[in-house]
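Take a look at the structure set out below.
The values are calculated or read from the model by the stated rules, or taken from the named source; none is laboratory data. Since the model is a prediction, treat every value here as computed from it, not as a measurement. Cβ atoms come from the backbone with ideal geometry, glycine included; neighbour counts cover every protein chain shown. Surface accessibility is based on the protein's heavy atoms, side chains included, excluding ligands, DNA and RNA. Shrake-Rupley method; radii C 1.70, N 1.55, O 1.52, S 1.80 Å.
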Amino acid sequence: MMKPHLPARAIVFAYHDVGVRCLRVLLDAGVEVPLVVTHEDSPGENIWFASVAQVAAEHGLRCVAPADAHLPELLAEAAASNPDFLFSFYYRHMLKAAWLNVPRCGAFNMHGSLLPQYRGRVPVNWAIIEGARQTGATLHRMNEKPDNGAIVDQCAVPILQDDTASEVFGKVVTAAEIVLARSLPRMLDGTAAERVQDLSQGRYYGGRKPEDGRIPAQASAPQIHNLVRALAAPYPGAFCRIGGRAIVIDRTRLVGLSQANADGSLRLLCQDNAMWLHAADGSMLNVLAAHDSDGPIDPAGFERRFAGRSVSVEI
């Protein structure tokens with residue numbers, strides 16, 4: 001790796017909690033940041049995470065949030081600052097070669113998985129949906145293909161059986177901070193080693209929309225449990241439809257129980273003063289919390305809400 005000028009200078013693209021913590025790592029190490037590029041918060045999005053723009057303001061950094069980061073004047077400004085590095089910390093758009101060629105020592109991204117696994121969008125959510133028992137953060141060199149470049153360093157974190165996506169994401173934020181803090185000295189003195197990814201050991205995942213949270217009719221209890229915790233608040237939630245109404249399943253517990261399912265349908269039922277999802281394969285999932293547009297659903301009000309103690313979920 002090319003050795004940067006001292007003090008090192010970096011253009012930073014950043015958003016979300018990973019963006020905040022990694023920007024703070026750079027500043028703590030004395031890296032000069034002439035430009036921060038972030039996003040305007042989307043009006044319809046649940047903003048539950050910290051603000052990169054606020055951190056930049058606290059440190060007197062120039063911070064912009066263009067709809068298109070590839071504006072010629074912004075590229076010219078960045079090039080004129082003669083940066084050694086470009087870092088992308090949870091910035092949501094792909095950066096083209098015009099940006100990647102600006103820094104002397106290269107452009108680097110922090111990704112929320114153990115690359116080459118879970119390349120692409122929302123890697124924490126996908127890892128939980130697929131029942132992975134660990135994930136992490138990876139610092140890698142950027143090229144024009146997403147999450148494709150050589151790895152500088154990565155740090156693993158466990159995914160417990162009942163962890164929600166927000167809980168795992170909190171661990172990933174800490175892992176990202178650890179990775180950058182321990183890699184940065186080697187990057188600054190030009191001795192950081194990189195290893196090429198074996199892309200056959202993972203695959204690319206696309207983004208998710210709220211409607212993707214509908215519970216599949218043929219899903220087993222473990223699969224439903226993974227979907228519920230992957231989409232639990234502050235995410236939009238896993239849901240099923242009963243009587244044309246969306247029933248959001250907020251929290252579940254695997255109990256290892258099963259019973260015959262005569263019609264092979266997904267059913268929501270109330271039994272022994274508890275709520276359950278009875279999967280098509282007969283496996284059972286204890287529903288600890290659920291709600292619809294009228295509010296929380298609990299065992300006490302179940303029969304009144306659904307006119308019975310067992311109701312079939314619409315396909």
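Things to note:
- Net charge of Cβ neighbours under 10 Å - reference ASP162; Lys, Arg +1; Asp, Glu -1: +1
- The modelled label-to-label distance for the pair MET2/ALA193, using points 7 Å beyond Cα in the direction of Cβ, is 2.3 nm.
- Taking the Kirkwood radius as Rh and the Cα radius of gyration as Rg, the stretch 191-259 has a ratio of Rg/Rh equal to 1.17.
- The stretch 59-192, accessible surface, carbon-and-sulfur percent (1.4 angstrom probe): 54 percent
- Spin-label pair SER42-ALA181: with each label point 7 Å from Cα along the Cα-Cβ axis, the two points sit 3.2 nm from one another.
- Size descriptor, Kirkwood hydrodynamic radius, that averages inverse alpha-carbon separations across the chain, Å: 21.4 Å
- Spherically averaged projected area in nm², based on the convex hull that wraps the Cα atoms of the stretch 1-151: 9.4 nm²
- Based on the convex hull around the alpha carbon atoms, the stretch 115-179 presents an average projected area of 4.1 nm².
- Solvent-accessible surface (1.4 angstrom probe) belonging to ASP198, in square angstrom, nearest 10: 80 Å²
- Using distinct alpha-carbon pairs, which all enter the 1/r mean, Kirkwood radius of the stretch 157-231 in Å: 15.9 Å
- Computed over protein heavy atoms with a 1.4 Å probe, the accessible surface of the stretch 176-224 works out to 56 Å² per residue.
- Overall Cα dimensions of the stretch 140-282, principal axis frame, Å, largest first: 65, 29, 26
- If you model the stretch 60-123 as an ellipsoid using its alpha carbon gyration tensor, with each semi-axis the square root of five times an eigenvalue, the axes come out at 23, 14, 11 Å, biggest first.
- Where the stretch 1-111 is the region considered: accessible area per residue in Å², 1.4 Å probe: 44 Å²
- Principal axes of the stretch 232-296: Cα extent on each, largest first, Å: 33, 24, 22
- Applying 0.36 nm per residue to the separation of HIS93 and ARG133 and subtracting their alpha-carbon distance, the gain on full extension is 11.6 nm.
- Rounded to two decimals, the Cα-based Rg/Rh of the stretch 1-47, with Kirkwood Rh, is 1.10.
- Averaging Cα coordinates gives a centre for the stretch 11-34 and one for the stretch 49-89; these two points are 10 Å apart.
- Paramagnetic reach from GLU77 (point 7 Å along Cα→Cβ, amide N under 11 Å) across the stretch 15-40: 35-38
- Expected 222 nm ellipticity per residue - DSSP helices of 4 or more, -39500 (n - 2.57), all of the chain, to 500: -8000 deg cm²/dmol
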